[in-house]
Amino acid sequence: MGSNQAAVSFLKNLARAAFGLGLGATVLNSSLYTVDGGQRAVLFDRFRGVLDETVGEGTHFLIPWLQKPYIFDIRTRPHTFSSISGTKDLQMVNLTLRLLSRPEVPRLPIIFKTLGLEYDDKVLPSIGNEVLKAVVAQFNADQLLTERPHVSALVREGLIRRAKDFNILLDDVAITHLSYGPEFSRAVEQKQVAQQEAERSKFVVAKAEQERRAAIIRAEGDSEAAKLISEATAAAGMGLIELRRIEASREIAANLAKTPNIVYLPSRNNMLLGLNPSLTPGR
């Protein structure tokens, strides 16, 4: 009987110990939280609100139920968004902007109070569109290409200044894409075609002018040659013309002699009859 009571008492004590250990482990687990590398934590206290201090990396204690940690990623993160803006000459331009941003660590409690954990998605697209529209409106459409470094510098300065108002740091700002509206693209294409037509017209005019000058020079040369020949003929008679005729005939004969397909025939009509004496009339 006594042994049964001892066993029951042992089991009760064991159950109490196990319950106590389980409760203690649960309390201990809920009292610990871990901040990984590249992160910071902000504590919210039910009585004091958001605490002003930022908690660094490692494992930390808190009061269960009374305090709750909110983890921020403080590593640089990329953001990309597009904006359609109007230029100074009323052309629509589509710009794509890429940002590398991170929060200002000492100001994380203020960021959490005013913006929450998704602070960058709430702030960066709005200020990015605002700054892009303000900068693009200062330039004509063609200047966005010819003065792109200057445009990028103005966008960067404006965004860094505006993001600083929300305790956000920008490590890099870049315009990754720029395209014009269909109206401007058609206007540029028509301008290029007009320029090509103008250059072609200039070439045609210049070619005609050169041909006219060449014709005048040839006519002047022929006239001078005819004049010289007339003077030579008047001075020396027809001997010069006969000499030129003989030289031309000699040149033609030399060229024909070099051609194997040329057959020389006599000028008389009875060439074939002369081959057979019996067929020759009178014989």
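The values are calculated or read from the model by the stated rules, or taken from the named source; none is laboratory data. The structure presented is a predicted model; accordingly, all values stated were derived computationally and were not measured. Neighbour counts are summed over all protein chains in view; Cβ atoms, including those assigned to glycine, are modelled from backbone coordinates with ideal geometry. Each accessible area value is taken on the protein alone, full model and side chains, heavy atoms only, with ligands, DNA and RNA left out. Shrake-Rupley method; radii C 1.70, N 1.55, O 1.52, S 1.80 Å.
Quick notes
- Only one of the numbered conditions (1) open to solvent by 80 Å² or more (accessible area, probe 1.4 Å); (2) in contact with a strand residue (DSSP E or B) (Cβ under 8 Å, 6 or more places away or on another chain) is not met by Asp172, and that is (1).
- The stretch 39-80, subset more than 48 Å from the chain's Cα centre (by Cα), on the phi < 0 side of the Ramachandran plot and assigned to a loop (DSSP other than H, G, I, E, B), residue surrounded by the fewest Cβ atoms within 10 Å (Cβ to Cβ): Phe47
- Here Pro109 passes the criteria (1) at pLDDT below 85; (2) open to solvent by less than 30 Å² (accessible area, probe 1.4 Å) except the one numbered (1).
- Among the numbered conditions (1) open to solvent by less than 10 Å² (accessible area, probe 1.4 Å); (2) without any contact (Cβ under 8 Å) to a residue 60 or more places away in the chain; (3) of a type in the set (Gly, Ala, Ser); (4) not in a strand (DSSP E or B), the only one that Ser83 does not meet is (4).
- Residues of the stretch 140-196 that are part of a loop (DSSP other than H, G, I, E, B) and over 23 Å from Leu108 (Cα atoms): Asn140, Ala141, Asp142, Glu147, Gly181.
- Among the residues listed as Thr34, Thr59, Thr80, Thr54, the single one being under 30 Å from Ser152 (Cβ atoms) and among the polar types (S, T, N, Q): Thr80
- Among the residues of the stretch 89-120, those that are assigned to a loop (DSSP other than H, G, I, E, B) and among the charged types (D, E, K, R) comprise Asp89, Glu104, Glu118.
- When Val135, Val123 are screened for being more than 30 Å from Val42 (Cβ to Cβ), part of a helix (DSSP H, G or I) and of a type outside the set (Lys, Arg), only Val135 passes.
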